[in-house]
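The structure under discussion appears below in the form of structure tokens.
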Amino acid sequence: MKIISKPLELKEYLKNNNKTIGFVPTMGALHEGHISLIKKAKDENDLTVVSIFLNPTQFLKGEDLDQYPKKDEADKKICELAGVDILFFPNVDDIYGDDEVSLNAPNVRGYVLEGNSRPSHFNGVLTVVMKLLNIVNPTRAYFGKKDAQQLNLISLMVKQLFMSVEIVPVETLRDSDGLAKSSRNAYLSNSQRQEALKISASLYEAAKMISRGILDSDKIREKMIETLSPLQIAYVEILNRDFKSIRKVEVGNSVILVEAIAGQTRLLDNLWC
Ligand code: AMP
């Protein structure tokens, strides 16, 4: 595995090859969820590039940028064992300069759900993803369905800015008890982790209702909110795949999104149904 930290060196290294490139951008503290993206990238491309970059511009003041788990050596080992060809591991000043051009998330879809509690978060996400895609110039880039709004906005950016990369959504990987894998799960105490199981449980309840033919969004939300109690809920939303609110689940074209707070930790999960 080759490790490169300079964007221009990586561009130079990757240019003029006729190989397909699969790219997996991450913020590090890698877990099995990340590895499932890497595996898919490896299966579908000649070369696999992973980036590890804790992107400061997507954190708001007072968020967990300084506490975010850092596991550089373990991450390198994981990438090596997973068969990654190139690990891009830049520093902040390799990616950002003084007076920066940046992208703005769309006014509606960028400021609902996660963007409501974290305004400007998605400006940082889109800006860094654009930079990374321009550096790596991949054939395909892999993103988790767990971060459904992020996936939606990145797909929108690629479409609206006429970029040629293919965005590949990857299923959410969970612990055996249902909790979606996340680098932020490391913040949870045992009792908070137990409470956090209510998040996947609420989605499981929703799935059961839908399989019984109960499609009414209000009824499903009500059951989910009851299941989530006493967790603090940031949102429970039922949307179609264009991220518009719907009164009835459109089977095969809907997504149910939850954000709840266990202790101080914001946890996201969703069901594509
Ligand atoms: P992060 O390092 O948290 O920015 O995540 C990097 C990529 O991994 C993003 O595309 C995430 O959506 C994806 N990801 C994170 N957790 C999971 C998971 N449990 N299952 C699948 N993909 C995930």
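The values are calculated or read from the model by the stated rules, or taken from the named source; none is laboratory data. Quick caveat: nothing in here was measured; it's all calculated off a predicted structure. Here Cβ is always computed from backbone atoms with ideal geometry, including for glycine, and neighbour counts include all displayed protein chains. To get the accessible areas, we keep the full protein, side chains included, count just its heavy atoms, and leave off ligands, DNA and RNA. Shrake-Rupley method; radii C 1.70, N 1.55, O 1.52, S 1.80 Å.
Just flag the GluC sites (Glu not before Pro) in segment 153-250 sitting in loop per DSSP whose Cβ has no more than 16 other Cβ atoms within 10 Å. Present the calculation step by step, with values, prior to reporting the outcome.
Values: sites: Glu166, Glu171, Glu195, Glu205, Glu222, Glu226, Glu237, Glu250; in loops: Glu171, Glu250.
Qualifying residues, ordered by number: Glu171, Glu250.
Charges at C-beta only: +1 for Lys and Arg, -1 for Asp and Glu. How large is the resulting dipole of the chain about its Cα centre, in Debye rounded to 20? Show your work: numbers first, answer last.
On the way: 35 positive and 36 negative charges, 129 e Å.
Here the chain has a charge dipole of around 620 debye.
Determine the sum of side-chain charges near Glu171: Lys and Arg each +1, Asp and Glu each -1, restricted to other residues whose C-beta is under 13 angstrom from that of Glu171.
Working: positive: Lys39, Lys40, Lys145, Lys146, Arg174, Lys181; negative: Glu32, Asp147, Asp269.
Residues near Glu171 contribute +3 overall.
Roughly how many debye, to the nearest 20, is the charge dipole of segment 173-273 about its Cα centre, given +1 on each Lys and Arg Cβ, -1 on each Asp and Glu Cβ, and no other charges? Intermediate values should be presented prior to the final figure.
On the way: 15 positive and 13 negative charges, 25 e Å.
Around 120 debye, computed over segment 173-273.
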Once each part is reduced to its C-alpha centroid, what is the distance from segment 239-273 to segment 1-75 in angstrom?
26 Å
Take the residue pairs Lys70/Lys198; Lys42/Lys198; Lys61/Lys159; Lys39/Lys146; Lys71/Lys181 and return only those whose Cα atoms are more than 22 Å apart.
Lys70/Lys198; Lys42/Lys198; Lys61/Lys159
What list of whole percents do you get for P(r) of the chain, with Cα-Cα distances grouped in 5 Å bins up to the one holding the largest distance?
1, 5, 12, 16, 19, 17, 13, 9, 5, 2, 1, 0
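Accessible area per residue, 1.4 Å probe, Å², for segment 158-265: what's the number?
Details: 5960 Å² over 108 residues.
Computed with neighbouring chains in place, this is 55 Å² per residue.
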Estimated translational D of segment 125-273 in µm²/s (Stokes, Kirkwood radius over Cα pairs; 4 °C; 1.567 mPa s)
79 µm²/s
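Accessible area per residue, 1.4 Å probe, Å², for segment 1-105: what's the number?
Details: 5810 Å² over 105 residues.
Accessible area per residue, segment 1-105: 55 Å².
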Reciprocal mean inverse distance between Cα atoms of segment 202-273 - Kirkwood radius, Å
12.1 Å
Taking the Cα centre of segment 131-273 as the origin and placing charges on Cβ (Lys, Arg +1; Asp, Glu -1), which of Val236, Asn270, Ala201 is farthest toward the positive end of the dipole?
Asn270
Cα centroid of segment 102-141 to Cα centroid of segment 162-219, whole Å:
22 Å
Cβ-based charge dipole, segment 106-159, positive-most Cα from Met157, Pro106, Thr127
Met157
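Only bridges whose two residues both fall in segment 130-273 count here: according to DSSP, what percent of them are antiparallel, nearest 5? Write down the numbers at each step before the final one.
Details: 19 of 24 bridges.
Antiparallel: roughly 80 percent of the beta bridges in segment 130-273.
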Considering only protein heavy atoms and a 1.4 Å probe, what is the carbon-and-sulfur percentage of the accessible area of segment 149-235?
49 percent
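Can you show me the helix-derived [θ] at 222 nm for the chain, built from DSSP H runs with n ≥ 4 at -39,500 (n - 2.57) apiece and divided by the number of residues, rounded to the nearest 500.
Working: 9 runs with 102 residues, N = 273.
Mean residue ellipticity at 222 nm (helix-derived): -11500 deg cm²/dmol.
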So if I place +1 on the C-beta of Lys and Arg and -1 on the C-beta of Asp and Glu, and nothing else carries charge, what would the dipole magnitude of segment 75-162 be about its Cα centre? I want it in debye, nearest 20.
540 debye
Proximal aspartates and glutamates relative to Lys77, as straight alpha-carbon distance under 17 Å, when same-chain residues fewer than 8 apart are discounted
Glu32, Asp85
Relative to the longest principal axis of the chain, what angle (0 to 90°, nearest 10) does the C-alpha long axis of helix 148-160 take?
50 degrees
